[in-house]
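Visitor: What follows is a single structure, and I will ask about it in a moment.
Read the figures in this text as sums done on the coordinates, not as results from a lab. Since the model is a prediction, treat every value here as computed from it, not as a measurement. Because the Cβ atoms are built from the backbone with ideal geometry, glycine has one as well, and the counts that use them run over all protein chains shown.
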């Protein structure tokens, strides 16, 4: 049996799961060389919510973060990509998807982990093809990994996931990841699933889970016995709770066995010590809880760990905290009405919001968000089962409103449009990276660009830059420098 490899998540999913994605690049830098020397299969450090968080909360350019990571790391840098949704919450045109993947590869991404919230492979094709093309355009290792978004209930079975693995194999991915975002994968089911995937494809199989239910390490051990090739783990300060199983513990558990990872657990100790301090600093700076209790009830309501606190806050703001259990009961009902979609971004937010509205109003589907109607009418992709006809009727969705084509086929190209919008907002010379940031998060990116320009002007001695100063600088940097130097 081959040794098990590990992907380390402390730089991405570890802090996304426990600390709302608030880790700064400056807090990563001191230990990048040490992490690089461990011998991980990859370091997950980009994608997911990090892009949004960099722009919205941390005042960082996510592209510059990636450049810096690449300059310090030889270990492949891994990112999480939401297929046609990229790193946002909507479907994006094909030209935007292709441009984003190409740029991410050029800036240093070595492993593209690509998933679709509905397991609709049509929503994966453009991103997978773009990543495969990028292999010929970069000089570093590049792996294209397709995901099975794991869930239970309704039509979801291990046999179904094995068929999905065959489809991903046929699409030309290099490896397959079982993405268990809610920690629902039971140990013996993990064994059965990995065995079936190994029979269905010769591609390497990687397993990603969360400790939310308490199954994490047990699921990993059974998956390892079944032949899984790679597991995702987080260093101890950012492990367990709603994050991944602990790296050091898994390494210790496998030491001296046929699955021995070959990694030096002692070398991880000073790295973990650093990140413990980082965790404490982030909790203090952002007034975060920093930990979440293991909750086996997730097996019933199936809400990803990161969603729970948001749902509680919504009820609290509405003065309806006593409706918490009712909300947990409503989530699975809404999911069933929608055809049992896996609960992962963006479907998890859509289902959660709809359930909250149902509980708050006291009447199911009285208030229906636009995104719920779009998901129910096929505009995010094909749901695993047909949507409940009674719900369609109650939401005012007619048969002619439902689409069966790939949603992105209805979208016009977007890059030139977004570039023109930025020019109209005073950024006529925006880089392609900035255009992509704006395409994903228009208002957030625009505000970030303004703050960035203000800092650049202040560096030139402009104490309090005006909107006119910002416009001049973005029209022509060199002219602006001469103008402000002469003032």
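Visitor: Post the alpha-carbon centroid distance, segment 209-265 to segment 13-32, in whole angstrom.
Guide: A separation of 20 Å, based on Cα centres.
Visitor: Expressed as a whole number of Å, what is the distance separating the alpha-carbon centroids of segment 175-207 and segment 333-379?
Guide: 28 Å
Visitor: If you wrap a convex hull around the alpha carbons of the chain, what volume per residue comes out, as a whole number of Å³?
Guide: Roughly 155 Å³ of hull volume per residue.
Visitor: Please compute one quarter of the surface area of the Cα convex hull for segment 218-291 and express it in square nanometres.
Guide: Taking a quarter of the hull surface, the average projection is 5.3 nm².
Visitor: Another question, then. By how many nm would the segment from residue 466 to residue 137 grow when fully extended, if each residue of separation counts as 0.36 nm and the alpha-carbon distance is taken off?
Guide: On the way: separation 329, 0.36 × 329 = 118.44 nm, distance 4.14 nm.
Computed gain between residue 466 and residue 137 is 114.3 nm.
Visitor: Order by neighbour count: 208, 107, 15, fewest other Cβ atoms within 10 Å first, most last.
Guide: 107, 208, 15
Visitor: Let me ask you something else. If packing is taken as the mean number of other Cβ atoms within 10 Å per residue, what is the order of 248-255, 335-342, highest first?
Guide: Result, highest mean first: 335-342, 248-255.
Visitor: So, one more: Can you give me the Cα centroid spacing of segment 402-416 and segment 421-436 in angstrom?
Guide: First find each Cα centre; the distance between them is then 23 Å.
Visitor: What ranking do 190-203, 413-426 get when scored by the average of other Cβ atoms within 10 Å per residue, highest first?
Guide: Ranking, from highest mean packing down: 190-203, 413-426.
Visitor: Something else: What is the Å³ per residue value for the convex hull set by the Cα atoms of segment 298-404?
Guide: Measuring per residue, one finds 90 Å³ for the Cα hull of segment 298-404.
Visitor: Continuing with the same structure: To the nearest 500 deg cm²/dmol, what mean residue ellipticity at 222 nm is calculated for the chain from DSSP H runs of n ≥ 4 alone, each contributing -39,500 (n - 2.57), summed and divided by the residues? Each step should come with its number before you reach the end.
Guide: Numbers: 23 runs with 239 residues, N = 487.
Computed ellipticity for the chain at 222 nm equals -14500 deg cm²/dmol.
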